[in-house]
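In what follows, a structure is listed as structure tokens, so that the remarks can point back to it.
The values are calculated or read from the model by the stated rules, or taken from the named source; none is laboratory data. If you're wondering where the values come from, they're calculated on a predicted model, not measured in any experiment. Please note: Cβ atoms are built from the backbone with ideal geometry, for glycine as well, and neighbour counts cover all protein chains shown. For the accessible areas, the whole protein counts, side chains as well, though only heavy atoms, and no ligand, DNA or RNA atoms are used. Shrake-Rupley method; radii C 1.70, N 1.55, O 1.52, S 1.80 Å.
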Amino acid sequence: MADNQIIDAAKEHFGEVVAQQLERVERLKNEPDWLDYSSISPIVVGMLGGDGIGPRISAESQTVLEHLLKEEVDSGKVEFRVIDGLTIENRAEHLQSIPDDVLAEIKDCHVTLKGPTHTPEQGDGWPNLESANVSMRKELDLFANIRPVRIPSQGIDWTFFRENTEDMYAVGSQGLNVTEDLAMDFRVITTQGSRRIIDAAFAHARRTGRDRVTIVTKANIVKTTDGKFLDIAREVSENYPGIEWDGWYIDIMTAALINPARQQDFQVLALPNLYGDILTDEAAQIQGGVGTAGSANVGKQYAMFEAIHGSAPRMVREGRDQYADPSSLLRAGAMMLEHIGYADIGSKLHKAIDICGQYERKIVMTGRSTGSTSAEFGQYLMDTVADPSIEDRWQEYVDASG
Ligand code: IPM
Ligand code: MG
């Protein structure tokens with residue numbers, strides 16, 4: 001092909017991407033306001049088991065959550081609903097990362113708790129579907145990926161607000177092989193998309209009594225898109241007198257997170273999608289690994305809470321799935337409780353997971369028959385939440401791990 005033909009084809013492709021994103025911006029300008037859960041009854045919670053060990057830890061999580069919300073479930077204020085069908089087999093059969101009927105069921109719920117879902121990659125035998133996580137974030141416009149990392153004994157209490165719908169993820173499957181030798185991807189950052197995530201971070205800081213928000217970019221190099229993110233931060237900060245903000249570059253931030261002299265400096269952090277993807281894995285590792293972290297994907301109308309570990313298909317193949325650890329999904333469940341208006345129970349569940357999983361460890365999970373089952377561990381958590389001295393036990397954990 002002649003150069004001008006190649007360039008024309010590239011222009012056409014780029015034109016389509018731009019047209020889609022312009023439409024998206026229009027939708028963002030007209031987005032609905034935040035849902036008020038206190039005015040909804042019943043609040044419908046969808047349980048999405050996902051793949052591998054997912055259904056097992058999901059069932060266990062449901063048992064624990066229904067127990068903790070017994071009154072609300074009995075009175076019909078909260079309803080749990082199991083949604084099958086978000087499995088890799090079903091997604092492959094329909095050639096859709098979320099089959100239409102499953103998506104419709106999801107949209108009938110207000111919030112969902114999602115187990116791990118396998119993301120196909122080239123050469124693994126599954127059709128090359130978009131990640132179910134990414135599709136769900138886009139379909140439900142779950143723009144805020146909120147990932148807390150807490151190590152009380154080290155004074156670490158970070159909440160990451162990772163933008164969840166833009167950046168390299170917005171059109172990550174629509175890159176262009178211009179020629180055999182030239183590949184290009186596109187990065188999308190919008191005013192509206194930046195404003196809502198940065199505003200959510202500042203609002204969270206204000207609500208939780210923090211006085212600083214840290215913005216992470218690489219605006220010295222990626223000048224146009226990261227430059228915009230930073231400009232918007234400057235703008236939003238003006239609505240939050242009393243909350244300071246500072247800007248860090250992603251490279252030095254990865255160093256600062258593991259620098260004991262700096263770790264206590266950070267409180268609430270807001271950052272574009274891909275930097276957030278990477279930095280939150282690092283942060284979770286500092287806390288004990290991605291298996292220990294939960295993650296909230298929050299939009300104004302829907303919210304999805306998920307474990308951020310994989311689906312461990314080998315455990316299922318070897319018949320060990322009843323020994324799978326539900327902690328991470330229950331962390332996500334605790335965040336869900338906080339989100340839908342049960343902050344007290346959510347906070348107790350967080351503490352019970354700390355006490356049972358990190359400190360007392362009276363029942364230990366090893367992932368095989370040498371340890372306890374998910375159900376035994378779930379019972380241990382329920383007993384701990386019900387214990388009137390849970391606060392003392394938690395304080396002991398904090399002191400002991402110092
Ligand atoms: C995460 C994961 C996902 C992401 C994958 C599974 C698509 O790494 O939730 O951080 O890249 O966002
Ligand atoms: Mg990730």
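Observations on the model:
- Which numbered condition Asp325 misses (of (1) away from ligand 2 (no atom under 16 Å from the Cβ); (2) at pLDDT 95 or above; (3) outside any helix (DSSP H, G or I)): (2)
- The single condition from (1) modelled with pLDDT of 95 or more; (2) buried (at least 16 other Cβ atoms within 10 Å of the Cβ); (3) away from ligand 2 (no atom under 16 Å from the Cβ) that Ala183 fails is (2).
- The residue list Gly15, Gly46, Gly50 contains one member that is on the phi > 0 side of the Ramachandran plot and either modelled with pLDDT of 95 or more or open to solvent by less than 30 Å² (accessible area, probe 1.4 Å) (or both), which is Gly50.
- Count of residues meeting criterion [in contact (Cβ under 8 Å) with a residue 24 or more places away in the chain and in contact with a strand residue (DSSP E or B) (Cβ under 7 Å, 6 or more places away or on another chain)] in segment 164-183: 7
- Strands (runs of 3 or more DSSP E) completely within segment 110-227 that count 1 or more residues being under 21 Å from Leu28 (Cβ atoms): 144-151, 156-163, 212-217
- Residue pairs whose Cβ atoms lie under 9 Å apart, sitting 6 or more positions apart in sequence or on different chains, and linking a residue in segment 338-358 that is over 15 Å from Gln379 (Cα atoms) and aliphatic (A, V, I, L, M) to a partner that is open to solvent by 40 Å² or more (accessible area, probe 1.4 Å) and not in a helix (DSSP H, G or I), are Ile340/His110.
- Residue in segment 261-281 that is farthest from Ala352 (Cα to Cα), counting only those that are touching a residue at least 60 places away in the same chain (Cβ under 8 Å) and outside any helix (DSSP H, G or I): Pro272
- Here segment 277-295 is the region considered, the condition is being of a type in the set (A, V, I, L, M) and within 11 Å of ligand 1 (Cβ to nearest atom), and the residue that is nearest to Ala256 (Cα to Cα) is Leu279.
- Filter pass, Asp124 being surrounded by fewer than 16 Cβ atoms within 10 Å (Cβ to Cβ) and within 16 Å of ligand 1 (Cβ to nearest atom): yes
- Close Cβ contacts (under 7 Å, 6 or more residues apart or on different chains) running from residues in segment 282-296 that are of a type in the set (Val, Ile, Thr) to residues that are part of a helix (DSSP H, G or I) and open to solvent by 10 Å² or more (accessible area, probe 1.4 Å) comprise Val290/Asp281; Thr292/Ser327.
- Failed item in (1) of a type in the set (D, E, K, R); (2) out of contact with any helix residue (DSSP H, G or I) (no Cβ under 7 Å at 6 or more places or on another chain); (3) surrounded by fewer than 17 Cβ atoms within 10 Å (Cβ to Cβ), with Lys29 passing the rest: (2)
- In segment 96-124, the residues that are closer than 17 Å to Pro55 by Cβ and within 16 Å of ligand 2 (Cβ to nearest atom) form Cβ pairs under 6 Å with partners that are open to solvent by less than 70 Å² (accessible area, probe 1.4 Å) and of a type in the set (D, E, K, R), at six or more places apart or across chains, as follows: Lys114/Glu306; Thr117/Asp51; His118/Asp51.
- The combined condition, being within 16 Å of ligand 1 (Cβ to nearest atom) and out of contact with any Leu (no Cβ under 6 Å at 6 or more places or on another chain), is not fulfilled by Ile106.
- Looking across segment 253-303 at every residue that is more than 13 Å from ligand 2 (Cβ to nearest atom) and among the charged types (D, E, K, R), the one that is most open to solvent (accessible area, probe 1.4 Å) is identified as Arg262.
- Residues (of a type in the set (A, V, I, L, M), farther than 25 Å from Ala324 by Cβ and open to solvent by 40 Å² or more (accessible area, probe 1.4 Å)) located in segment 67-121: Leu95, Ala104
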